[in-house]
Structure formats: C-alpha cells, structure tokens
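Below is one structure, written out as structure tokens; comments come after it.
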Amino acid sequence: MSPAKDRPVIITCAVTGSIHTPTMSPHLPITPEEIAEQAIAAAQAGAAILHLHARDPETGFPSADPALFQEIVRRIRERSDAVLNISTGGSSRMSLDERLAAPRLIKPEMCSLNMGSMNFGLFPMAERHDGWKHAWEPEFLEATRSVIFKNSFEDIETILDDLGTGNGARFELECYDVGHLQTVAFYRRKGLLKAPLFVQFVLGVLGGIDAAPEQLLHLKATADRLLGSDYQFSVLAAGRQQIPLGTMGVILGGNVRVGLEDNLTIARGRLASSNAEQVEKMRRIIEELGHRVATPDEARALLALKGSSRVDA
Ligand code: KMH
Ligand code: ZN
C-alpha cells in the first residue's frame, strides 16, 4: 500500500449543535451527561475531534451557559483524550459575547470560526413535524426566515484575537460558500490565520452552497487556488448528503465531519441511534478506501494544536 493511501483521516463528530430540536429525534443528546456520553462513544468509535455545543437540560434550547460547557468538558476529559472543539457559532439567536463566553473560559485546543454572515434557513424543517415536545421549537425554526447568522469581519477578528492569539486555539474554518474562502485567504495573508489551516467545507445549509459533488469540486479548486498547500480540508454535508459527500471528500484527500448536529439519519428515512453509529459508518468507509482514522494525537500533529494540557476548565 502506498504511503498516500495509508493516510490518517480526521473524523470530527459534531455531537448536538443548535440546528435540530428535541422532537426531531429521541437520540439527540440534550443534557451535559447525554452530550458527554455520546461524545465519548463517538471518540471510541474513531472521532479524533469532538465539536461541542450545549443545550438547556430541561428544554433542549441551545445554550451558551459556560457552566454547562464546563460540565460537558469535565465529563469528556475524565474518559477521553479526543480534541475538544468548542463552537463559537452558538446559535444565530445569541450575541457574540454569549457565543464566546464558554470558549473564552475553557481555552480549548480548537474552536469553530464561521467565515461570513449569512441566511441560515431552518424553517423548512418546521413543516416536517407536528406534536412538538416544546413550544420553542417551531418558533425557533420559523425565526430563521428573518434572523441573520452574523459573522462580520469585526466578529471574526475578535475571535481570532481573543481565542487564537490570546488563548492558542486553532480553528475549524466553517466555509458555507466559495466567497468565505476569500476571507480565509485574506486573514492568511494578514498573518492572523497561520498554516496549517483546517477548512471545513459546509454544503447543504439553506443560504449557503448546495450539497452537490460539483460544488465540492468547486470549493476544493477555489481553496487550492487561494490557499495552495497551506490548508487541509474536511467535508460537512448537512442532511442526507453527509455520508456520500464526506466519502467524496476522503477520496479527494480530505477529512470528514459527521454527527447529529449536521444530520439525524444513518440511512434514508432511518434515524441514527447515536453519534457513534455515524462515526462507525464513516470509519468503515474510510478503511474500505484503504485509509485509517487519525488518532487524537495524530490530529494534534496534523493541525499543530497546542495540546490538551493547555486547556482550562
Ligand atoms: N452547524 C454547522 C453547519 C458552529 O458551531 O460554529 C456549522 C457549525 C457552526 O458547526
Ligand atoms: Zn456547531
């Protein structure tokens, strides 16, 4: 087997997010204990990086409460050395200060960094369900008709400065459209982003690029042109293209993100029973393609992370 074939592929697992709501799946983890348990199982199944959000334990509403994040992080760190990646996106209803409260405190090895403001339409999902568990769910989804997911240049610079320069975090650069790659390249030229960059190609969000193979090729060609050899990429396809486009990403030389934040199913019309089930499926595909999954320490080396001993909390 050639060295290029036997390459470690980084699986990121995004465990709960702030997109799906409790009525949509009984398997969506809500409490810190549920989020940590599913995160640990995902890491045991092969995820090197865990992308984390928190939810109100009673209602499942997306939460920015640092105490909830601290409990999640404490529980995971007791039993796993996976790389912890704390969201700075939170949800589009939170202010930037709310979004940054937990990562400022925890000082994780990685944070997400959303590379532009955009529409982020969740409202079509409101039509697919009724008999909601919580009154906030349909209202939250409908509100995305008018709410902007705000990530201005100033917001991006605040995150780069506070969490990158200040706390030594490196970033999962969430690019929802080709234009976001120009912003990555701009901050790379300015020296605020340093190689190796970890670019997450996000396809299939309503308001961003659609989840089609041609679009993934376009994203990669654009990143190759703008970023040269300074970057590694990962593929996050929302919804049922998660595994097919993730597979294409691996074939193209990239990494992959799975998890219930981005997709609730394991096959067409069948809910995933856990995050780990999606990780296991992706791992099987990676190994069938002749690669192997990266360990957390391999991911740390590939992405030049600061190491778990320099995380607070
Ligand atoms: N929800 C994903 C589409 C973040 O947390 O900062 C992107 C995301 C954003 O994970
Ligand atoms: Zn997220």
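The values are calculated or read from the model by the stated rules, or taken from the named source; none is laboratory data. Being a predicted model, the structure only gives us computed values, none of them experimental. Virtual Cβ from ideal backbone geometry, glycine too; neighbours counted across all protein chains shown. To get the accessible areas, we keep the full protein, side chains included, count just its heavy atoms, and leave off ligands, DNA and RNA. Shrake-Rupley method; radii C 1.70, N 1.55, O 1.52, S 1.80 Å.
Here GLY131 meets the list (1) open to solvent by 60 Å² or more (accessible area, probe 1.4 Å); (2) closer than 21 Å to ASP262 by Cα; (3) modelled with pLDDT under 95 almost entirely, failing just condition (2). Only one entry in GLN38, GLN44 is in contact with a strand residue (DSSP E or B) (Cβ under 9 Å, 6 or more places away or on another chain), assigned to a helix (DSSP H, G or I), farther than 14 Å from ARG257 by Cβ and open to solvent by 10 Å² or more (accessible area, probe 1.4 Å), namely GLN38.
Screening GLU280 with (1) of a type outside the set (Gly, Ala, Ser); (2) open to solvent by 30 Å² or more (accessible area, probe 1.4 Å); (3) over 17 Å from GLN44 (Cβ atoms); (4) touching a residue at least 60 places away in the same chain (Cβ under 8 Å) gives one miss only, at (3). Highlighted here would be strands (runs of 3 or more DSSP E) found entirely within segment 228-304 that include at least 2 residues which are modelled with pLDDT under 95, but there are none.
To keep it simple, each residue is scored yes or no on (1) out of contact with any helix residue (DSSP H, G or I) (no Cβ under 6 Å at 6 or more places or on another chain); (2) within 16 Å of ligand 2 (Cβ to nearest atom); (3) assigned to a strand (DSSP E or B); (4) under 20 Å from PRO66 (Cα atoms).
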position	(1), (2), (3), (4)
GLY89	yes, yes, no, yes
PRO103	no, yes, no, yes
PRO108	yes, yes, no, yes
GLU137	no, no, no, no
LEU160	yes, no, no, yes
GLY179	yes, no, no, no
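For segment 294-310, the tally of residues that are open to solvent by 20 Å² or more (accessible area, probe 1.4 Å), of a type in the set (A, V, I, L, M, F, W, C) and touching a helix residue (DSSP H, G or I) at 6+ places or on another chain (Cβ under 9 Å) stands at 1.
Please find, among LEU173, LEU84, the residue that is closer than 27 Å to VAL279 by Cα, more than 12 Å from ligand 1 (Cβ to nearest atom) and part of a strand (DSSP E or B).
Values: LEU173 fails: more than 12 Å from ligand 1 (Cβ to nearest atom).
Going through LEU173, LEU84 in turn, just one is closer than 27 Å to VAL279 by Cα, more than 12 Å from ligand 1 (Cβ to nearest atom) and part of a strand (DSSP E or B): LEU84.
Scanning segment 47-67 for residues that are open to solvent by 20 Å² or more (accessible area, probe 1.4 Å) and not hydroxyl-bearing (Ser, Thr, Tyr) yields ASP56, PRO57, GLU58, PHE61, ALA64, ASP65, PRO66, ALA67.
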